[in-house]
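What follows is a single structure, written as structure tokens, with notes after it.
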Amino acid sequence: MGFKEVFGTLPEASAQAPGRVNLLGEHTDYQEGYVLPTPLPYLTRVEAGRAEGRVEAYSETLRELRARPLESPPQGDFLDYLLGVVWALREAGHPVPGARFHVRSEVPMGAGLSSSAALEVAALKALRTLFRLPLSDLEVALLAQKAEVEYVGVRCGIMDQMAASLGEAGKALFLDTRTLAHENLPLPPGVRVVVLDLGLGRRLAEAGYNERRQEAEEAARRLGVRSLRDVADLCLVESLPSPLDKRARHIVGENLRVLRGVEALRKGDPQAFGELMTQSHRSLSQDYEVSLPELDALVEAALEAGAYGAKLTGAGFGGAVVALVPEGRVEDFQRALHAGFPQLRIL
Ligand code: GLA
């Protein structure tokens, strides 16, 4: 069902935003660190129209129509994200009286590929056009994060919304989450970003994510720094008690890996970049302890099948693996992985 069939009126604006995978810089964005995500070729498209005092939305993907008044609390469904962005705009003083949306998404849900950030950013960009709001893409990302953290109630960093709002196809978004300075860097020629999804879901992700955030905050407090971004010397973390030493080692090392990864991108060196991705995964698995045995096995299989590098992407505790694969080997790579993991979805 299209917008007109659902609402009986024509849409007045539309926008789209992609899902993302993160190539390097995992669990650094809530400690003011560096990240390097890239947008996926899967989009969420939103059409929008005016409504008074309420938010209404039809999801073509879920085949669900939902509507609630503006002041409603979140209820754990997809409408929360749309109520959230309208709430965030109104909080920021933008005159949005209500809205209706039609949502069509290709971004896989529940795989750690930021389908929620794609929805928030697409909806905000559609509202920006509809109500002629003077918002930059950076402000859109910040409002999307505000909606997710303060309205929906998920304590995320800024990476996903920045990737959805400012990412460019075929490029990695090098973002300093402290200053929000950012640059889109081309991926090396002749490589393909391949996403491997075992359909593990992310059941414990939210509790585990919040626990890691607290551990990182505690490590920063004990080291006497504003955030772990300010620790440049890896030796300093050895003074911390376990497991804070391991958590801090991951974050400090991961920031260095992003900076080295940026150098590798500038040189167009996929080998060096891939090695950093694999190091990132090992650190996420051994020091940050957010991997699962299935993800570790998948990373090893991806390397054996010819990837330059591979790692889990996003928060971990499930979700997908991202691999960097030489263009000419993609078919063999896919065949080898399907043979080892028949239930694997390759994106
Ligand atoms: C989730 C969060 C991001 C980031 C990653 C881990 O995707 O939404 O802000 O913290 O986990 O790198």
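Bear in mind these aren't lab numbers, they're just calculated from the coordinates by the rules spelled out. On a predicted model such as this, the values are computed, not experimentally measured, just so you know. Methodologically, a virtual Cβ is constructed for each residue, glycine included, from the backbone with ideal geometry; neighbour enumeration extends over all protein chains shown.
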For the stretch 3-17, Karplus couplings with θ = phi - 60° (6.51, -1.76, 1.60), whole Hz, Gly/Pro x
4, 4, 5, 6, 9, x, 10, 8, x, 9, 7, 8, 7, 9, 8
Against the longest alpha carbon principal axis of the chain, how many degrees, from 0 to 90 and to the nearest 10, is the axis of helix 205-223 turned?
60 degrees
Please compute the modelled spin-label separation between His94 and Val149, points set 7 Å along Cα→Cβ, answer in nm with one decimal.
1.8 nm
Estimated vicinal HN-Hα couplings, Hz - the stretch 166-171 in sequence order (Karplus 6.51, -1.76, 1.60; Gly, Pro = x)
10, x, 10, 4, x, 10
Relative to the chain, whose Cα atoms define the longest principal axis, helix 270-286 and its Cα axis are tilted in degrees, nearest 10, by 90 degrees
Computed lengthening from Ala297 to Thr129, 0.36 nm per intervening residue step minus Cα-Cα distance:
55.9 nm
The stretch 186-320: Kirkwood hydrodynamic radius (Cα pairs, Å) comes out at 15.8 Å
Hey, could you get me the Stokes-Einstein D for the stretch 3-184, Kirkwood radius over alpha-carbon pairs, 10 °C and 1.306 mPa s, rounded to whole µm² s⁻¹?
99 µm²/s
What FRET efficiency do you get for Arg50 and Glu263 if R0 is 45 Å and r is their Cβ-Cβ distance, rounded to the nearest 0.05?
0.40
Two-decimal Rg/Rh across the chain, once Rg and the Kirkwood Rh are taken from alpha-carbon atoms:
0.98
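Going down the table (Lys146/Lys267; Lys125/Lys246; Lys125/Lys267; Lys4/Lys125; Lys146/Lys246), which pairs top 32 Å between alpha carbons?
Lys146/Lys267; Lys125/Lys246; Lys125/Lys267
Starting from the Cα-Cα distance between Glu327 and Lys171, subtract it from 0.36 nm times their residue separation and give me the gain in nm to one decimal. Walk me through the numbers on the way to the answer.
Details: separation 156, 0.36 × 156 = 56.16 nm, distance 1.56 nm.
Roughly 54.6 nm would be gained on extension.
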So how tilted is helix 330-340 from the main axis of the chain? Cα-based, degrees 0 to 90, rounded to 10.
80 degrees
